[in-house]
Amino acid sequence: GQAATAFSENRTLVNQDFLRNARTKQWQDLGCKYCFGSSASFPIRDNQRQIAVLTVYRHEINGFDEESVALLERLSSDISLAVTALSGIVERKRLEEALRFRQFGLDHVDEEILWIDQNARICDANETACRVLGYSRSELLQLTVPDIDLDMNAERWRAHWQGLRQKKILHFESRQKNRDGQTCPTEVVANHFEYQGVEYSCTLIRNITERKIMEEDLAESQKRFKVFI
């Protein structure tokens, strides 16, 4: 039919005699009922992809001259632009909601999460990291790893990054200091990834003070037991 052809071929189709055109044969009884004399179909696009057809009917035969066809083509083009804009808004809102959900989840895990570039600069942090370290997010973004890690300096960072780049994931223990100068032992899992040609580490940090105390108590107990034996 006319509308399906306009859609599939992505072009305007004008039918100047609705009741005698082979394309509209199966709809001519309906056309007779509603006095369709002529019709014109215009594809509606979303980012150049056909999604619908605008079909206009007139009572008169030869009801569409060049001027009216041009006007309706502009109308269909405006509708296409509006649909594209609306789709963009809907997609943007969907992405924003997904990002909010992602950030909410990351902010409510117990581990600190830091995003770090290859120069040891902190690029982002979750709320747990901000709370544990005692900095606001904006303040953390002014720091580097050696500012918060007692066991890391520029030389060790270069070696760390080379190892991370090769193995993609590193699991190790370190010592962390917060804004007030308090320190604690930590378990660190660094994950290497690349985004838009730039390398980063997504680093998870867990306070293991209680575990270290238990390990020391166990070691002391074993030592006393050996002495007793």
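Results, tabulated for the structure shown:
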| read-out | value |
| --- | --- |
| Subset of region 12-48 (residues that are touching a Ser or Thr at 6+ places or on another chain (Cβ under 8 Å), under 30 Å from ILE89 (Cα atoms) and open to solvent by 70 Å² or more (accessible area, probe 1.4 Å)) | ASN47 |
| Segments classed as helices (runs of 4 or more DSSP H), wholly inside region 135-229, with at least 3 members that are open to solvent by less than 60 Å² (accessible area, probe 1.4 Å) and in contact (Cβ under 8 Å) with a residue 12 or more places away in the chain | 145-148, 154-167 |
| Filter pass, GLU96 being of a type in the set (D, E, K, R), within 30 Å of ILE205 (Cβ to Cβ) and surrounded by 11 or more Cβ atoms within 10 Å (Cβ to Cβ) | no |
| Unique match (being touching a residue at least 60 places away in the same chain (Cβ under 8 Å), farther than 22 Å from GLY163 by Cβ and either open to solvent by less than 40 Å² (accessible area, probe 1.4 Å) or part of a helix (DSSP H, G or I) (or both)) among VAL83, VAL90, VAL132 | VAL132 |
| Conditions (1) surrounded by 11 or more Cβ atoms within 10 Å (Cβ to Cβ); (2) closer than 30 Å to LEU86 by Cβ: number failed by GLY63 | (2) |
| Subset of region 110-124 that is touching a helix residue (DSSP H, G or I) at 6+ places or on another chain (Cβ under 7 Å) and open to solvent by less than 50 Å² (accessible area, probe 1.4 Å) - its residue that is nearest to HIS160 (Cα to Cα) | ALA120 |
| Subset of region 16-75 (residues that are touching a strand residue (DSSP E or B) at 6+ places or on another chain (Cβ under 9 Å), in a helix (DSSP H, G or I) and farther than 17 Å from ALA3 by Cβ) | SER68 |
| Residue within region 146-160 that is of a type in the set (Lys, Arg), modelled with pLDDT under 95 and in contact with a helix residue (DSSP H, G or I) (Cβ under 7 Å, 6 or more places away or on another chain) present | no |
| Long-range neighbours under 8 Å by Cβ, at least six apart or interchain, first residue closer than 16 Å to GLN142 by Cα and free of Cβ contacts under 8 Å to residues at least 12 places away in the same chain within region 100-119, second open to solvent by less than 100 Å² (accessible area, probe 1.4 Å) and in a helix (DSSP H, G or I) | none |
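The values are calculated or read from the model by the stated rules, or taken from the named source; none is laboratory data. Since we're looking at a predicted model, the values are computed, not measured. As a convention, Cβ positions derive from the backbone with ideal geometry for all residues, glycine included, and neighbour counts pool all protein chains shown. Just so you know, the surface numbers come from the protein's heavy atoms only, side chains and all, with ligands and any DNA or RNA stripped out. Shrake-Rupley method; radii C 1.70, N 1.55, O 1.52, S 1.80 Å.
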